[in-house]
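Engineer: Dropping a structure here in structure tokens format, bear with me for questions.
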Amino acid sequence: MIDARLPRWLVTLAVILLVAATGYYAYRAIKQTRKYDRDTTYHRDFDHFYQAAVAAKNGEDPYESFRKGYIYPPLIAAAFQPIAGLERNAAYLIWFAVNATIIAAAFVIAARTLLRRMGVQPRAPTVACVVAGGLVPAFDQMRWQLEQGQTDGLLLLAFATGLHWLDRRPLLAGLVTGLAANVKYLSLIVLPFAVVRKRVRLAVGVVLGAVAGLLLPVVVFGWERNTEFVQTSLGRLVHVVDAGPDFENTGGVNIHSLTWELNISMPAFAAKRVDQLGLPEIAVPLLAVALAMLLVAVAWRMYAARGFSFWLGERDTATRRRLGTFEWLGLIVCAMAMSPQTTVRHMVLMTLIYQCAMVLAIVRTGPGRVVPLVGVVVAFIGKTHQPGRGDTRKSQDALTVWRYVTGALWSGLGWARETQNRSEAGSSSEPVNATPM
């Protein structure tokens with residue numbers, strides 16, 4: 001394991017950036033509370049969770065609360081019960097502090113895990129640089145996440161701890177990601193991955209975690225009410241995959257459809273193209289599946305070109321660990337790309353991938369160091385300066401993400417192959433993959 005001695009000026013810059021970002025995000029949160037004081041009709045994403053918790057606390061239906069925008073399983077409404085009795089701004093500030101702490105923990109866990117898995121000592125200065133480097137391209141998405149009081153930080157923590165436990169405690173890795181599916185369903189992407197890569201304990205953990213997340217609110221709501229809430233939540237998934245106009249045939253439920261202009265996922269791309277071409281709605285899932293199969297075929301070809309097995313997984317434990325890092329991060333992008341609803345704001349989850357690019361820049365030498373960093377720049381430009389206009393502009397974001405991920409996966413597979421070759425040659429002078437924490 002190598003000890004990366006980064007320049008002092010770089011470490012100082014990273015610390016200054018992290019302190020400044022913390023102050024800025026706190027300022028934005030306080031500004032939000034003042035905006036509500038001036039206009040009580042103003043609302044944030046946080047209000048959907050808060051009002052659902054208030055409704056549940058009062059014995060009402062959380063799915064009928066506020067603007068009928070709460071579509072999640074009952075776990076969030078149950079978890080927010082401690083602040084449901086507070087005034088809305090006070091509850092918001094408490095959630096901001098908790099959310100910021102969750103995200104900070106996710107960043108540190110992910111940075112330390114990525115460094116260890118790539119053979120670098122996770123010293124505090126190095127961790128700070130990786131965290132800061134991952135935050136820069138996601139700075140605005142993180143602002144929206146904290147300012148609006150969203151819940152993607154919980155998924156960040158789940159994916160970070162999942163990677164942390166992936167090889168040594170796969171059952172725990174599955175449990176945290178399965179539990180996170182009760183916040184947002186996209187973390188269930190881990191289950192098919194575990195099946196394809198023959199990670200049995202990981203798959204079992206996902207199932208157990210998902211079921212546990214559905215049952216935990218029973219302690220708060222009771223069995224009968226919780227069962228009713230779960231059924232309502234699952235029923236509203238039908239509206240999420242609806243290709244028709246927003247709010248049509250939804251009973252007034254505040255759910256955006258696949259054709260929402262800010263939706264940049266691959267299924268949204270399919271729905272918008274089908275709508276433009278005047279094709280029947282059955283073409284939407286067919287096109288979406290075709291796009292997914294194409295991307296799987298590309299990944300399969302990349303594995304084969306690097307000499308790795310794609311479908312059955314690698315038997316060698318060291319190889320599984322090397323590939324596991326990039327496969328795990330690739331799941332994040334797969335989830336966002338194939339989710340029924342993804343906006344640029346949701347790409348805050350890409351922060352862990354940006355961190356990986358920073359670590360690769362530390363570990364790799366020559367041209368291989370540049371590829372991941374170029375990918376980060378391309379992804380950043382794609383999110384902030386999208387080409388074209390109208391629906392085309394939005395759909396291009398998804399294409400940008402997939403181009404970036406392809407480049408990152410290719411670079412990561414190359415690194416894994418090079419490291420394996422060094423290990424087989426018995427070299428100890430170059431950085432090698434270490435057993436994760």
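The values are calculated or read from the model by the stated rules, or taken from the named source; none is laboratory data. What you see is a predicted model; the values in this text were computed from it and never measured. Glycine also receives a Cβ, built like all others from the backbone with ideal geometry; neighbour counts cover every protein chain displayed. Calculation scope for accessible area: heavy atoms of the full protein, side chains included, ligands and nucleic acids excluded. Shrake-Rupley method; radii C 1.70, N 1.55, O 1.52, S 1.80 Å.
Engineer: Hey, rough spin-label estimate for Val289 and Thr101, points 7 angstrom out along Cα→Cβ, what's it come to in nanometres?
Structural biologist: For the pair Val289/Thr101, the computed spacing is 4.6 nm.
Engineer: Follow-up. Work out how much length Asp45 to Arg201 would gain on full extension: take 0.36 nm times their residue separation and subtract the Cα-Cα distance, in nm to one decimal.
Structural biologist: In short, 52.6 nm is gained.
Engineer: Continuing with the same structure: If amide hydrogens are placed 1.01 Å from N in the peptide plane, which non-local residues have theirs closer than 5 Å to the one on Ile2?
Structural biologist: Val120, Gln121, Val432
Engineer: Moving on. Students sometimes get this wrong: rank Lys31, Lys198 by accessible area, probe 1.4 Å, all chains present, largest first. Intermediate values should be presented prior to the final figure.
Structural biologist: Details: Lys31 95, Lys198 125 Å².
Result, largest first: Lys198, Lys31.
Engineer: Report the extension gain between Val19 and Thr33 in nm, rounded to one decimal, defined as 0.36 nm multiplied by the number of residues separating them, less their alpha carbon distance.
Structural biologist: That pair, Val19 and Thr33, stretches by 2.9 nm at full extension.
Engineer: Could you sort Trp144, Trp95 by accessible area so the largest value comes first, with the probe set to 1.4 Å?
Structural biologist: Trp144, Trp95
Engineer: Hey, another quick one. Given labels modelled 7 Å from the Cα in the Cβ direction, how far is it in nm from Val136 to Leu86?
Structural biologist: Label at Val136, label at Leu86, 3.5 nm between them.
Engineer: Separate question: Express in nm, to one decimal, how much length is gained between Val211 and Leu373 on full extension, taking 0.36 nm for each residue of separation and deducting their alpha carbon distance.
Structural biologist: Going from the current span to full extension adds 54.4 nm.
Engineer: For a quick protection proxy, order the peptides 205-215, 270-280 by their average other-Cβ count within 10 Å, most packed first.
Structural biologist: Averaged packing, sorted descending, gives the order 205-215, 270-280.
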